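Enquirer: Once you've had a glance at the structure underneath, I'll fire off some questions.
The values are calculated or read from the model by the stated rules, or taken from the named source; none is laboratory data. Note that the coordinates shown come from a computational prediction; the quantities given were computed from them, not determined experimentally. Backbone-built Cβ (ideal geometry, glycine too); neighbour counts: all protein chains shown.
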Amino acid sequence: MPSHPSAEKRVRQTARRTAVNKNRKSQIRTAVRKVEDALASGDASAAAAALKQAEPAIMRGVTKGVVHKNTASRKVSRLNKRLKTLKG
């Protein structure tokens, strides 16, 4: 247990930030899952719409420090690639 006021504050801040980051990651996963479900169903227009919603959510995770830049780019790229194969 922390014994200094600053350490106690750090514990509180960490708990708060962990909750916020967990929520952000959950939103990203949900957005990606919606795209993957649309791709699995074969609905190209729904997949494109879902991807249009998911991409900003993923990149927002980068700016907030929840997801690494390269990880986010890789996810978006792979989803775009799967959408292309579905359309063409």
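Enquirer: Going through SER73, SER6, SER45, SER77 one at a time, which residue ends up being assigned to a helix (DSSP H, G or I), surrounded by fewer than 12 Cβ atoms within 10 Å (Cβ to Cβ) and touching a helix residue (DSSP H, G or I) at 6+ places or on another chain (Cβ under 9 Å)?
Expert: Numbers: SER73 fails: surrounded by fewer than 12 Cβ atoms within 10 Å (Cβ to Cβ); SER6 fails: touching a helix residue (DSSP H, G or I) at 6+ places or on another chain (Cβ under 9 Å); SER77 fails: touching a helix residue (DSSP H, G or I) at 6+ places or on another chain (Cβ under 9 Å).
Being assigned to a helix (DSSP H, G or I), surrounded by fewer than 12 Cβ atoms within 10 Å (Cβ to Cβ) and touching a helix residue (DSSP H, G or I) at 6+ places or on another chain (Cβ under 9 Å) holds for just one of SER73, SER6, SER45, SER77, which is SER45.
Enquirer: Take ALA31 and tell me if it is in a helix (DSSP H, G or I), of a type in the set (Gly, Ala, Ser) and surrounded by fewer than 15 Cβ atoms within 10 Å (Cβ to Cβ). Talk me through it step by step, then tell me what you get.
Expert: Values: in a helix (DSSP H, G or I): yes; of a type in the set (Gly, Ala, Ser): yes; surrounded by fewer than 15 Cβ atoms within 10 Å (Cβ to Cβ): no.
In short, no.
Enquirer: While we're on this one: Taking only the stretch 55-70 into account, find how many residues are small (Gly, Ala, Ser) and surrounded by 14 or more Cβ atoms within 10 Å (Cβ to Cβ).
Expert: The number of residues fulfilling the criteria is 2.
Enquirer: Do we have SER73 as at pLDDT below 95 and over 10 Å from the mean Cα position of the chain (by Cα) here?
Expert: Against the criterion (at pLDDT below 95 and over 10 Å from the mean Cα position of the chain (by Cα)), SER73 does not qualify.
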